[in-house]
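Take a look at the structure below.
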Amino acid sequence: MKTPEFIYFDLGNVLVNFDHEIAINQLAALTNSSSDEIRQLVFHSTLQQEYEQGQLATPEFCQQIRRHTGSAASDAELCFAASDIFWVNHAIFPLVAALRGAGCRLGILSNTCEAHWQYIQSADYSILRLFQLTVLSFDEHTSKPSRGIYQAATRRSGFAAGELFFVDDRPDNVQGARDAGLDAVHYESPWQLAGELRKRGLRFNL
């Protein structure tokens, strides 16, 4: 196995955990709607996907929610209700810190929307300071597992696809990365991931 020149981590359920049900319940309470109505509106339609792919700006996303629910909630209130759903995966912090300490180049490759990313940045999770590059679906106007986002990640890293390593919690995103020429593995645990990286010749203190 080739030693990677650049390592991309998925964000959700790898670096940070999240629960969409929290967002559904918070949006339902804010808009005086049922959880089922919000689930259908945001996640069982194309609304969240369009927002994550940058096809909708934040004001447009919020206006869609107001239009369907009759709510007068502000953009800020809606974004907070939709985004206050994250907590750091503390178990992976030592591995990321060890890789950074060993001089590895690290990036984040994530399907996310503007509101979620702004919330995560405002939370100032210290683990995110260890990453040098972010490739986000709403910025790139394409999302995993489509080939375009992996091509963007390759271009922005400055390395060839075969020199990149990527870890994601979803098998379809892992396969999409492999189809685009990246070395990619499914995330199971920090210890499993550390083993995969050591198989590829990386040396780090953990």
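Miscellaneous remarks
- Restricting attention to the range 13-39, the residues being surrounded by fewer than 15 Cβ atoms within 10 Å (Cβ to Cβ) and either among the charged types (D, E, K, R) or over 21 Å from the mean Cα position of the chain (by Cα) (or both) number 7.
- Applying a threshold of 7 Å to beta carbon distances and a minimum spacing of six or more residues, or different chains, the list of pairs starting in the range 55-71 at a residue that is buried (at least 17 other Cβ atoms within 10 Å of the Cβ) and ending at one that is outside any helix (DSSP H, G or I) reads ILE65/SER71; THR69/SER33; SER71/ASN32.
- Looking at ALA160, ALA115, just one residue is farther than 20 Å from ALA97 by Cα and either in contact (Cβ under 8 Å) with a residue 60 or more places away in the chain or surrounded by 14 or more Cβ atoms within 10 Å (Cβ to Cβ) (or both), and that residue is ALA115.
- Checking every residue in the range 93-104 against the condition of being under 17 Å from TYR125 (Cα atoms) and within 17 Å of the chain's Cα centre (by Cα) gives at least one match.
- Lone unmet requirement of (1) within 17 Å of the chain's Cα centre (by Cα); (2) touching a residue at least 12 places away in the same chain (Cβ under 8 Å); (3) more than 14 Å from SER110 (Cβ to Cβ) for GLU188: (2)
- Qualifying residue in the range 124-134 (condition: farther than 24 Å from MET1 by Cβ, in a loop (DSSP other than H, G, I, E, B) and at pLDDT below 95): yes
- Test: residue in the range 101-118 that is modelled with pLDDT of 95 or more, touching a His at 6+ places or on another chain (Cβ under 9 Å) and assigned to a helix (DSSP H, G or I): no
The values are calculated or read from the model by the stated rules, or taken from the named source; none is laboratory data. Keep in mind the model is a prediction, meaning the values are calculated, not measured. Please note: Cβ atoms are built from the backbone with ideal geometry, for glycine as well, and neighbour counts cover all protein chains shown.
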